[in-house]
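A quick write-up on the structure given underneath.
The values are calculated or read from the model by the stated rules, or taken from the named source; none is laboratory data. Since we're looking at a predicted model, the values are computed, not measured. Methodologically, a virtual Cβ is constructed for each residue, glycine included, from the backbone with ideal geometry; neighbour enumeration extends over all protein chains shown. Accessible surface areas use protein heavy atoms only, side chains included; no ligands, DNA or RNA. Shrake-Rupley method; radii C 1.70, N 1.55, O 1.52, S 1.80 Å.
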Amino acid sequence: MQAHGDRAAAPHVSIILPVYNAELWLDECLESVLQQDFEGSMELSVFNDASKDKSMTIIEKWKVKLENSGVLVVIGGHDSPSPRGVGYSKNQAIAQSSGSYLCFLDSDDVMMPQRVRLQLEAAAQHPTSIVGCQVRRDPPNSTERYTRWINQLAPDQLLTQVFTSNGPTVIMPTWFCSRAWFSHVGPFDEGGQGEPEDLLFFYSHLRKGGGVIRVDQSLLLYRYHPNAATHSVLETTIWTHRVRFLEERVLPHWATFTIWNAGRQGRRLYRSLTAGMRRKVVAFCDVDENKIRKGFYCHEDSQERPKPRVPILHFRAARPPFVICVKLDLTGGAFEDNLRSLHLQEGRDFLHFS
């Protein structure tokens with residue numbers, strides 16, 4: 001086994017594993033590290049974020065098994081009264097690791113045996129990309145729409161649908177990338193509980209011209225449970241980051257645009273925009289005859305005089321580009337059929353925000 005400090009002989013892939021009170025899941029998670037069919041050098045970098053359960057006992061047990069199988073295990077952590085958060089833990093696990101590539105893993109998830117091998121092949125071909133994969137959800141019937149979205153996005157949609165409420169188009173527990181690219185983009189935000197560190201990193205990655213690739217095989221069992229860290233992030237926090245990213249990346253390139261949905265979500269987006277971007281909204285569009293018959297939406301909270309009145313049109317009378325605030329998969333296919341009938345190009349003529 002090479003010395004940890006010997007960079008010339010450093011492990012090729014470091015599996016980055018932040019841990020906080022994960023005793024329920026760790027045995028399965030670490031077993032999946034042991035079962036990888038990757039034949040190159042591999043390292044597991046664990047950072048324990050002040051766990052109060054038996055996580056460390058389980059990790060120490062698995063350290064022996066993994067190192068007997070040729071996987072170097074590096075363990076760090078702290079025992080402060082409170083955890084420092086997922087972003088901090090990931091940064092620490094990366095800092096203490098030495099692989100040329102980083103494979104991210106959540107302590108409640110399980111990797112399929114071919115994960116490291118297949119994602120490394122993709123990452124080597126795309127050195128400035130985040131490489132994800134398809135997933136299998138546990139329980140199987142949890143978040144069905146979200147899981148379908150994760151697994152079925154077309155390759156170009158991995159970039160065109162980055163503004164939706166679903167977050168990164170490849171989910172964080174499936175991320176795989178080169179250390180060099182992570183260092184160029186990172187580190188993760190360390191704001192702690194309530195900050196969407198994966199979404200913020202993903203946006204920084206895109207700002208720097210990074211690509212998004214998905215290996216189209218199910219390489220991860222992705223658990224859904226009430227204690228998952230993602231539940232600590234408020235929807236309003238994510239909404240604010242999403243609107244600002246939309247205003248930064250897309251809206252400056254559009255002279256005008258239409259918001260598709262004159263209902264609650266469309267109006268919320270309109271009100272959330274900065275004043276300059278609101279002035280670019282030439283119309284709302286919808287299929288609801290009652291909304292269309294009203295004729296306009298008045299922004300009552302505006303300080304402008306007279307208050308802005310935005311026309312509400314039938315979608316066939318509206319002109320692109322569109323920011324779509326209609327949730328996919330919830331209209332029995334009617335919305336999707338209407339959108340297809342306009343023969344528009346995603347990314348150029350419209351983008352999904354809901």
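For segment 265-275: of the residues being touching a Phe, Trp or Tyr at 6+ places or on another chain (Cβ under 9 Å) and of a type in the set (Ser, Thr, Tyr), which is most open to solvent (accessible area, probe 1.4 Å)? Only one residue tops the list, namely SER272.
Return the residues of segment 289-329 that are in a loop (DSSP other than H, G, I, E, B), at negative phi and surrounded by 12 or more Cβ atoms within 10 Å (Cβ to Cβ); say none if nothing qualifies. Reasoning before the result, please.
Kept after step one, since they are in a loop (DSSP other than H, G, I, E, B), are these residues of segment 289-329: 295, 299-308, 318-321, 325-329.
Among the residues that remain, those that are also at negative phi are: 299-308, 318-321, 325-328.
Within segment 289-329, HIS299, SER302, PRO308, ALA318, ARG319, PRO320, PRO321, CYS325, VAL326, LYS327, LEU328 meet the criteria.
Would you confirm, using the coordinates I've provided, whether VAL110 is open to solvent by 40 Å² or more (accessible area, probe 1.4 Å) and either under 19 Å from PHE176 (Cα atoms) or under 18 Å from the mean Cα position of the chain (by Cα) (or both)? In short, no. Can you confirm whether SER272 is at pLDDT 95 or above, hydroxyl-bearing (Ser, Thr, Tyr), over 15 Å from the mean Cα position of the chain (by Cα) and within 21 Å of GLN119 (Cβ to Cβ)? Criteria not met by SER272.
A count restricted to segment 132-156 and to residues that are part of a helix (DSSP H, G or I) and closer than 25 Å to TYR101 by Cα stands at 2. Residues that are aromatic (Phe, Trp, Tyr) and either open to solvent by 40 Å² or more (accessible area, probe 1.4 Å) or in a helix (DSSP H, G or I) (or both) do occur in segment 61-80, at least one of them. Inspection of segment 84-91 identifies no residue that is closer than 20 Å to ARG179 by Cα, modelled with pLDDT of 95 or more, of a type in the set (Lys, Arg) and open to solvent by 30 Å² or more (accessible area, probe 1.4 Å).
Applying the selection to segment 330-354, what residues are assigned to a loop (DSSP other than H, G, I, E, B) and surrounded by 13 or more Cβ atoms within 10 Å (Cβ to Cβ)? Break it down stepwise before answering.
As a first pass, look at segment 330-354 and keep what is assigned to a loop (DSSP other than H, G, I, E, B): 330-333, 342-345, 347-349, 353-354.
Result: THR331, LEU342, LEU344, GLY347, ASP349, PHE353, SER354.
Listed by first and then second residue, the pairs with beta-carbon distance under 7 Å, at least 6 apart or on different chains, first residue in segment 84-105 and within 24 Å of LEU219 (Cα to Cα), second assigned to a helix (DSSP H, G or I) and open to solvent by 40 Å² or more (accessible area, probe 1.4 Å), are VAL86/ALA229; SER98/ARG7; GLY99/ARG179; SER100/ARG179; TYR101/ARG179; LEU102/ARG179. GLY40 meets the conditions (1) assigned to a loop (DSSP other than H, G, I, E, B); (2) touching a strand residue (DSSP E or B) at 6+ places or on another chain (Cβ under 6 Å) in every case but one. The failed one is (2). Right, PRO127: more than 23 Å from GLU247 (Cβ to Cβ) and free of Cβ contacts under 8 Å to residues at least 40 places away in the same chain or not? It is false that PRO127 is more than 23 Å from GLU247 (Cβ to Cβ) and free of Cβ contacts under 8 Å to residues at least 40 places away in the same chain. Evaluated against (1) among the charged types (D, E, K, R); (2) surrounded by 17 or more Cβ atoms within 10 Å (Cβ to Cβ); (3) under 28 Å from the mean Cα position of the chain (by Cα); (4) farther than 13 Å from VAL243 by Cβ, ARG278 falls short on exactly one condition, (4).
Just one residue in the set ASP349, ASP301 is without any contact (Cβ under 8 Å) to a residue 40 or more places away in the chain, over 18 Å from ARG145 (Cβ atoms) and within 25 Å of the chain's Cα centre (by Cα); that residue is ASP349.
Is it true that some residue in segment 96-105 is within 28 Å of TRP149 (Cα to Cα), in contact with a helix residue (DSSP H, G or I) (Cβ under 9 Å, 6 or more places away or on another chain) and not in a strand (DSSP E or B)?
From segment 96-105, those within 28 Å of TRP149 (Cα to Cα) are 101-105; that's our starting set.
Adding the requirement that they be in contact with a helix residue (DSSP H, G or I) (Cβ under 9 Å, 6 or more places away or on another chain) leaves 101-105.
Still in the running and not in a strand (DSSP E or B): 105.
Yes; the residues of segment 96-105 include at least one that is within 28 Å of TRP149 (Cα to Cα), in contact with a helix residue (DSSP H, G or I) (Cβ under 9 Å, 6 or more places away or on another chain) and not in a strand (DSSP E or B).
None of LEU206, LEU159, LEU219, LEU200 is open to solvent by less than 10 Å² (accessible area, probe 1.4 Å) and on the phi < 0 side of the Ramachandran plot except LEU219.
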